[in-house]
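Engineer: If you scroll down you'll find the structure; I have some questions about it.
The values are calculated or read from the model by the stated rules, or taken from the named source; none is laboratory data. Note that this is a predicted model, so its numbers are computed, not measured. Cβ placement follows ideal geometry from the backbone for every residue including glycine, while neighbour counts extend to all protein chains displayed. For accessibility, only protein heavy atoms count, side chains too; no ligands or nucleic acids. Shrake-Rupley method; radii C 1.70, N 1.55, O 1.52, S 1.80 Å.
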Amino acid sequence: MHAKHPAGRRERNRDAMRARVYEAAVSLFGEKGFTATSFDDIAERADVARATVFNHFRRKDEFLLAWGDERRRRLSALLIQESTREVGVVNQLTRCMRALSDVTTQERALTSELLLAWVRTGAPVLEEPYSAYVFAQIVTDGKARGEVRPDVDPVMAGQLIRDMYLGTLYRWVGASAEPPFSLAEAMTGALRLIFDGILTRPRATSES
């Protein structure tokens, strides 16, 4: 019993130090930019030795991967939460898009800086399409209720909605210093085009 406690403390201390270094780095990326931030800057902000930073993140790209993992966990939980608050394909997907838009809009400067750097690592191509799974489940449920055409493949529909979300997001963060358009309106507008192709009946006005 006694042998387990020191190991547990060491693990907790290591996790706490990693989180401290990570948070220091992300705050600097938002202030100075990813490229302009050095390991020395991160060490100074975290108030640790430079070697300590390297113990947890050997390359700057590893901060981006950690940020991508954290963002994926947050957004996946958000999508699941929001999709269960409404009934109906239209309402569920619209609520998901608006929730994603709200989070991203609140963090636009940091998201813009890190998302584009993250894309350059190739990580988005290799990551699991977590949001597509959530969207596909919504379409599957809608199909069971008769809202979606019988010939629609929910997996393909989920991937299409995810591709729309990511494509719109990339245009929004990379176009200029100021938001070039309303992210929420662009995403819900694109959804309306998709809805017209997969619903068994025209959208009701109350679901717009």
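Engineer: Does Gly158 satisfy the condition of being more than 23 Å from Ala77 (Cβ to Cβ) and either out of contact with any Cys (no Cβ under 7 Å at 6 or more places or on another chain) or at pLDDT 85 or above (or both)?
Structural biologist: When the stated conditions are applied, Gly158 does not pass them.
Engineer: With the condition kept exactly as written, say whether any residue in region 39-50 is within 27 Å of Pro179 (Cβ to Cβ) and not hydrophobic (A, V, I, L, M, F, W, C).
Structural biologist: Taking every residue of region 39-50 in turn, none turns out to be within 27 Å of Pro179 (Cβ to Cβ) and not hydrophobic (A, V, I, L, M, F, W, C).
Engineer: Same structure, new question: Against the conditions (1) modelled with pLDDT under 90; (2) assigned to a helix (DSSP H, G or I); (3) not charged (D, E, K, R), where does Leu93 fall short? Just the number, please.
Structural biologist: Failing condition for Leu93: (1).
Engineer: Within region 64-87, count every residue that is of a type in the set (Gly, Ala, Ser) and within 19 Å of Ala184 (Cβ to Cβ).
Structural biologist: 1
Engineer: Under 7 Å between Cβ atoms, which residue pairs at least 6 apart in sequence (or on different chains) link something in region 91-111 that is under 15 Å from Tyr170 (Cβ atoms) with a partner that is of a type in the set (Phe, Trp, Tyr) and assigned to a helix (DSSP H, G or I)?
Structural biologist: Leu100/Tyr165
Engineer: Only one of these is open to solvent by less than 40 Å² (accessible area, probe 1.4 Å), over 30 Å from Tyr133 (Cβ atoms) and out of contact with any Leu (no Cβ under 6 Å at 6 or more places or on another chain): Gly88, Gly33. Name it.
Structural biologist: Answer to the selection: Gly33.
Engineer: Right, another one. I'm told Thr104 meets every condition in (1) open to solvent by 70 Å² or more (accessible area, probe 1.4 Å); (2) touching a Ser or Thr at 6+ places or on another chain (Cβ under 8 Å); (3) not hydrophobic (A, V, I, L, M, F, W, C) except one. Can you identify the failing condition by its number?
Structural biologist: The one condition Thr104 does not meet is (1).
Engineer: Consider Ala186 carefully, then state whether it is within 18 Å of Ser83 (Cα to Cα) and at pLDDT 90 or above.
Structural biologist: no
Engineer: I'm trying to understand the selection: among the residues of region 135-161, which are open to solvent by less than 20 Å² (accessible area, probe 1.4 Å), out of contact with any Ser or Thr (no Cβ under 6 Å at 6 or more places or on another chain) and of a type outside the set (Gly, Ala, Ser)?
Structural biologist: Within region 135-161, Phe135, Val139, Val148, Val152, Ile161 qualify.
Engineer: Which condition from (1) closer than 30 Å to Met164 by Cα; (2) part of a helix (DSSP H, G or I); (3) among the acidic types (Asp, Glu) is the one that Glu86 breaks?
Structural biologist: Against the list (1) closer than 30 Å to Met164 by Cα; (2) part of a helix (DSSP H, G or I); (3) among the acidic types (Asp, Glu), Glu86 comes up short only on (2).
Engineer: May I ask you to say which residue of Val26, Val21, Val53 is open to solvent by less than 30 Å² (accessible area, probe 1.4 Å), assigned to a helix (DSSP H, G or I) and within 25 Å of Ala184 (Cβ to Cβ)?
Structural biologist: Among Val26, Val21, Val53, only Val26 is open to solvent by less than 30 Å² (accessible area, probe 1.4 Å), assigned to a helix (DSSP H, G or I) and within 25 Å of Ala184 (Cβ to Cβ).
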